[in-house]
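This report concerns only the one structure given below.
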Amino acid sequence: MSFREDGAAALDWAARYLERVGDYPVLAQVEPGEIRARLPASPPETGEPFADVLRDLDEILLPGITHWQSPRFFAYFSVSASEPGILAELLAATLNSVAFLWRTSPASTELESLTLDWTAQLLGLPQGWHGHIEDTASTSTLAALAAARETTGRNVVVCSEHAHSSVDKAARLLGLELRKVAGDGEYRLRAEELDLADVAAVVATVGTTSTASVDPVPAIADACAEAGAWLHVDAAYAGSAWVCPELRWSQRGVERADSLVVNAHKWLFTPMDCSLLWSSRPDDLRRAFSLVPEYLRTSDEADSLSDYGPALGRRFRSLKLWAVLRCYGRDGLQARIREAVRLAELFEGWVRDEPGWEVCAPRHFSLVCFRREASDDENEQIVERVNRSGELFLSHTRLDDRYVLRLAIGNERTGEEDVRRAWAALRQA
């Protein structure tokens, strides 16, 4: 078959998958090693038709897929790759740009800058911040803390006990001492306990992983300014919600950050991976990362985005975000985010009104933390039963030393009926 015919077959497969994804068990119903055991141990000696790849995708790989695109995927932070983003990902792979210098891909470099500016406007961020794309928030946080270490000459990073584990990993990779501050009754960093005399950076979180709590960024910014510490704001999940004016209460103080990360692949409907890193101090980022050997020297008077982060080679990630912003617009993004918040509020009400169940943390955005009024073992068994049923997929956390269930809504295909089915399955379990 030709590229056009194979391409049409692949696109048809993708369209049919999205149409039927809600019919699959959300969590893969296989055992470790089962998928590999069904595949040849050695590569083929001669080429095979692409149709055979699609056949094995259906028959062998699909049973081992946990369906992040499912409308009843409620674990971690629910995501969705939208159709415009999927198509743009195909186009980016076709162009196969490698944008380590401006001249190696002027369109990729300049579109990335423009798209970050567009997104900053949609989210209500300050004008003039420098933005670029990394793969994930883990890399964005690593870049921010490396710049903080370079700028301050200090070796300590501070965060809440509820901060994402990527802060721990970045500190380990950079050889930084990590100090964690206890959270308050709503799982927010206690700013009054900050002592930043020797601190390079503080990581404040807007939308923590466990509870979507919001650290007191204004107070943290005050402490950082007094001590000369770098303020990095992790809004990987919740930052996308700022496209809705009524949710910008959580943005207070962020305008004083030295760096900010928001993941477009979490709640801006862009395919994985696309992490947006802005900084009000781009020269400091550049000093931390710019390294230009002779073979990369050019006469171009243009920025290379590889000077602002750890990676040299860069994919054309901005194309998929640009496509999503153009095809959805501000109104489309707002409608989808508001619907997710509405559905989470609805689910929270059902839990609150049902005898024997309790809400375990204030609901922010589209995450509900709850549990059965029973032992940890019983709650863990509930999660295991509903996940193994294939009806939905949930994850958990631990709050105040109790096992707590998390239901996160963010997939654009999730409707009220999907949330009702999840609640029914939980009550039955």
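The values are calculated or read from the model by the stated rules, or taken from the named source; none is laboratory data. Fair warning: this is a prediction, and the values are worked out from it, not measured in the lab. Please note: Cβ atoms are built from the backbone with ideal geometry, for glycine as well, and neighbour counts cover all protein chains shown. Remember, those area values only see protein heavy atoms, side chains included, never the ligands or the DNA or RNA. Shrake-Rupley method; radii C 1.70, N 1.55, O 1.52, S 1.80 Å.
Assorted remarks:
- Considered as a group, the residues in the range 76-122 that are closer than 30 Å to Asn387 by Cα and among the β-branched types (Val, Ile, Thr) include one that is modelled with the lowest pLDDT, and that residue is Val79.
- The residues of the range 368-381 that are over 21 Å from Thr209 (Cα atoms), part of a helix (DSSP H, G or I) and either among the charged types (D, E, K, R) or touching a Leu at 6+ places or on another chain (Cβ under 8 Å) (or both), listed by number, are Asp377, Glu378.
- Whichever residue in the range 99-119 is surrounded by fewer than 21 Cβ atoms within 10 Å (Cβ to Cβ) and of a type in the set (A, V, I, L, M, F, W, C) and, among such residues, is farthest from Asp300 (Cα to Cα): Trp118
- Residue count, the range 328-340 (criterion: open to solvent by 20 Å² or more (accessible area, probe 1.4 Å) and within 20 Å of Ala422 (Cβ to Cβ)): 3
- Filter result (in contact with a helix residue (DSSP H, G or I) (Cβ under 9 Å, 6 or more places away or on another chain), over 14 Å from Leu260 (Cβ atoms) and free of Cβ contacts under 8 Å to residues at least 40 places away in the same chain) within the range 205-241: Pro216, Pro218, Ala219, Asp222, Ala223, Ala225
- Scanning the range 250-293 for residues that are without any contact (Cβ under 8 Å) to a residue 60 or more places away in the chain and outside any loop (DSSP other than H, G, I, E, B), we see that the one that is surrounded by the fewest Cβ atoms within 10 Å (Cβ to Cβ) is Asp283.
- Wholly enclosed helices (runs of 4 or more DSSP H) of the range 1-99 bearing at least 3 residues basic (Lys, Arg): 3-20
- Contact map, the range 337-358: first residue without any contact (Cβ under 8 Å) to a residue 24 or more places away in the chain and on the phi > 0 side of the Ramachandran plot, second residue surrounded by fewer than 18 Cβ atoms within 10 Å (Cβ to Cβ) and of a type in the set (Gly, Ala, Ser), Cβ cut-off under 8 Å, separation 6 or more or different chains; pairs are Gly356/Ala374.
- Residues that are open to solvent by 10 Å² or more (accessible area, probe 1.4 Å) and under 13 Å from Leu321 (Cβ atoms), drawn from the range 121-130: Leu122
- The requirement of being under 30 Å from Ser366 (Cα atoms) and not basic (Lys, Arg) is fulfilled somewhere in the range 43-63, by at least one residue.
- Flag if Thr205 is under 25 Å from Arg402 (Cα atoms), surrounded by 20 or more Cβ atoms within 10 Å (Cβ to Cβ), of a type in the set (Val, Ile, Thr) and at pLDDT below 95: no
- As a summary of the residue check, Leu343 satisfies the conditions (1) modelled with pLDDT of 95 or more; (2) within 15 Å of Phe77 (Cβ to Cβ); (3) open to solvent by less than 50 Å² (accessible area, probe 1.4 Å); (4) within 19 Å of the chain's Cα centre (by Cα) except for the one numbered (4).
- Ala241 being surrounded by 24 or more Cβ atoms within 10 Å (Cβ to Cβ) and either out of contact with any Lys or Arg (no Cβ under 8 Å at 6 or more places or on another chain) or not acidic (Asp, Glu) (or both): yes
- Residue that is nearest to Ala408 (Cα to Cα), among those in the range 63-98 that are among the polar types (S, T, N, Q) and open to solvent by 20 Å² or more (accessible area, probe 1.4 Å): Gln69
- Only one of Val53, Val21, Val30 that is open to solvent by less than 60 Å² (accessible area, probe 1.4 Å) and out of contact with any helix residue (DSSP H, G or I) (no Cβ under 7 Å at 6 or more places or on another chain): Val21
- Residue in the range 372-391 that is modelled with pLDDT of 95 or more, open to solvent by less than 10 Å² (accessible area, probe 1.4 Å) and within 24 Å of Ser250 (Cα to Cα) present: no
- The set of residues in the range 166-179 being touching a residue at least 24 places away in the same chain (Cβ under 8 Å) and either more than 17 Å from the chain's Cα centre (by Cα) or open to solvent by 50 Å² or more (accessible area, probe 1.4 Å) (or both) consists of Lys169, Ala171, Leu173, Leu174, Leu176.
- Close pairs from the range 140-157: first of a type in the set (Lys, Arg), partner open to solvent by 40 Å² or more (accessible area, probe 1.4 Å), Cβ under 8 Å, at least 6 apart: Arg149/Asn155; Arg154/Asp198
- Being more than 25 Å from Val199 (Cα to Cα) and part of a loop (DSSP other than H, G, I, E, B) is a property that does not hold for Phe347.
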